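Here is the structure we will look at.
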Amino acid sequence: MRRERVLAVGIAVLLVAATAAMVAVPGVFADGEPEDARPGYADVQEVTIATNGVSGGTVTLGVTSYLQHRGGTSENVTVLVRAVDLDSGLVEATREVGVEEISGDREVPVEVNVSVAREGGYRIETVLYSDDQRVGTVSKTVRGVGTVQAGGRAAFHDFAAGLPSIQYAVADAGPNRTALDVSTYLTNSGAEPTGPVTVELIVRQAESNIVAARTTISVSELAPGETVAPNATVTVPAGYNYYLDAVLRRGGVVVDAARSAANLDPQERIEANTTVRDVGLRVEDFERTGGRDQQQPTADGGATSGGGIPGFGPVLAVVALAIGAAIASRTRS
């Protein structure tokens, strides 16, 4: 009987000790839901590119990589983004960012900003590293970076009917000079106002590319979806054909350009995208003296002011030769 009592006391002591150990030392017994013992794995599922900032000469591209993760915990994950110039093939910008540890089956977006020159196009390469090992690569191409604008997007209007973005009318036609009223059409296709923009009009003589006139028009702002038609009057030598070039600037940066043609020579016609031929250009028609237009010669060789002495024409030359021959013949006889 004594033996049974000792055995019962011993069992009771073991139960009390086990209970105390469970309370004092957590984790002695396994949890009901064990941690995922699978290794973590990440891959690049998708890449999107947006503009996150525009300055005078650069644009910041926001490259967002969507990482697909599966399994346990992944540590030491990095995303490298580089921009490669499409024309030269040179790497223009590179940036690498680290990613916090990822666990479980989920998708994680990682954004990296890279700044590139505001011109041309680029191939944007995204490389994913895990434990210093490359595990995924995605490449995308962006073009027309030079036209990227902050806020609204100002550009010369593109008419569906094929009408030119630059149009002109003859405001005044003189014997030697012609005044042209030139207008352009600008449209803001963005969702925000554009801010101030300028349009520089350059009138070039078609055969020589000589700049016959130049002026600048300022536009304070274009509302979203708005189209305006700024205009200016320029004076050029009469009787020639001209290219009408318009250059759109915003914040000192060229964002668009357009060209049209003005045919003032009734015997020759040009178009904005055709090759021209020589029609006997007189450079003196485009000379300026003391900031004023030089007087143009008339058909008889005199100046337009009427105060000059006419030169010898072909008829007078023939008469002079005949008189000289007669005098020489009489002298010999």
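The values are calculated or read from the model by the stated rules, or taken from the named source; none is laboratory data. Quick caveat, the model's predicted, so the values are computed rather than measured. Here the Cβ is made from the backbone with ideal geometry for all residues, glycine too, and neighbour counts use every protein chain on show. Surface areas here come from the heavy atoms of the whole protein model, side chains and all, with no ligands, DNA or RNA. Shrake-Rupley method; radii C 1.70, N 1.55, O 1.52, S 1.80 Å.
Rundown of residues vs (1) of a type in the set (Lys, Arg); (2) part of a strand (DSSP E or B); (3) open to solvent by less than 30 Å² (accessible area, probe 1.4 Å); (4) touching a Leu at 6+ places or on another chain (Cβ under 6 Å), yes/no style:
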residue: VAL170; (1), (2), (3), (4): no, yes, no, no
residue: SER183; (1), (2), (3), (4): no, yes, yes, no
residue: THR187; (1), (2), (3), (4): no, yes, yes, no
residue: GLU192; (1), (2), (3), (4): no, no, no, no
residue: LEU201; (1), (2), (3), (4): no, yes, yes, no
residue: THR216; (1), (2), (3), (4): no, yes, no, no
residue: PRO224; (1), (2), (3), (4): no, no, no, no
residue: VAL236; (1), (2), (3), (4): no, yes, yes, no
Report summary line: Checked pairs for the stretch 83-112, first in contact (Cβ under 8 Å) with a residue 24 or more places away in the chain and under 16 Å from THR73 (Cβ atoms), second of a type outside the set (A, V, I, L, M, F, W, C) and not in a strand (DSSP E or B), C-beta under 7 Å and 6 or more apart or across chains, list as GLU101/GLU75; ILE102/GLY40; SER103/GLY40; SER103/GLY72
Query - the stretch 64-78, residues that are in a loop (DSSP other than H, G, I, E, B) and open to solvent by 30 Å² or more (accessible area, probe 1.4 Å) - result: GLU75, ASN76
Query raised in the report: Quick one: VAL203 ticks every box in (1) touching a residue at least 60 places away in the same chain (Cβ under 8 Å); (2) in contact with a Lys or Arg (Cβ under 8 Å, 6 or more places away or on another chain) bar one, so which box is it?
Result: (1)
Query - Residues that are open to solvent by less than 20 Å² (accessible area, probe 1.4 Å) and either free of Cβ contacts under 8 Å to residues at least 12 places away in the same chain or part of a strand (DSSP E or B) (or both), drawn from the stretch 113-149 - result: VAL114, VAL116, TYR122, ILE124, THR126, VAL127, LEU128, GLY136
Report summary line: Taking the stretch 150-162 and keeping residues among the aliphatic types (A, V, I, L, M), more than 15 Å from ILE217 (Cα to Cα) and surrounded by 12 or more Cβ atoms within 10 Å (Cβ to Cβ) leaves ALA150
Query raised in the report: In the stretch 171-200, how many are among the hydrophobic types (A, V, I, L, M, F, W, C), farther than 22 Å from GLY152 by Cα and without any contact (Cβ under 8 Å) to a residue 60 or more places away in the chain?
Result: 1
Report summary line: Checked the stretch 79-96 for anything part of a strand (DSSP E or B) and open to solvent by 30 Å² or more (accessible area, probe 1.4 Å); matches are ARG82, VAL91, GLU92, THR94, ARG95, GLU96
Query raised in the report: Under 8 Å by Cβ, and 6 or more places apart or on different chains, what pairs join a residue from the stretch 227-240 that is more than 17 Å from THR198 (Cα to Cα) with one that is basic (Lys, Arg) and open to solvent by 40 Å² or more (accessible area, probe 1.4 Å)?
Result: THR235/ARG177; VAL236/ARG177; PRO237/ARG177; ALA238/ARG177
Query raised in the report: Does at least one position in the stretch 54-63 carry a residue that is surrounded by 10 or more Cβ atoms within 10 Å (Cβ to Cβ), assigned to a loop (DSSP other than H, G, I, E, B) and at pLDDT below 90?
Result: yes
**Report entry** Selection count where residues are over 27 Å from the mean Cα position of the chain (by Cα) and of a type in the set (S, T, N, Q), scope the stretch 166-214
**Finding:** 4
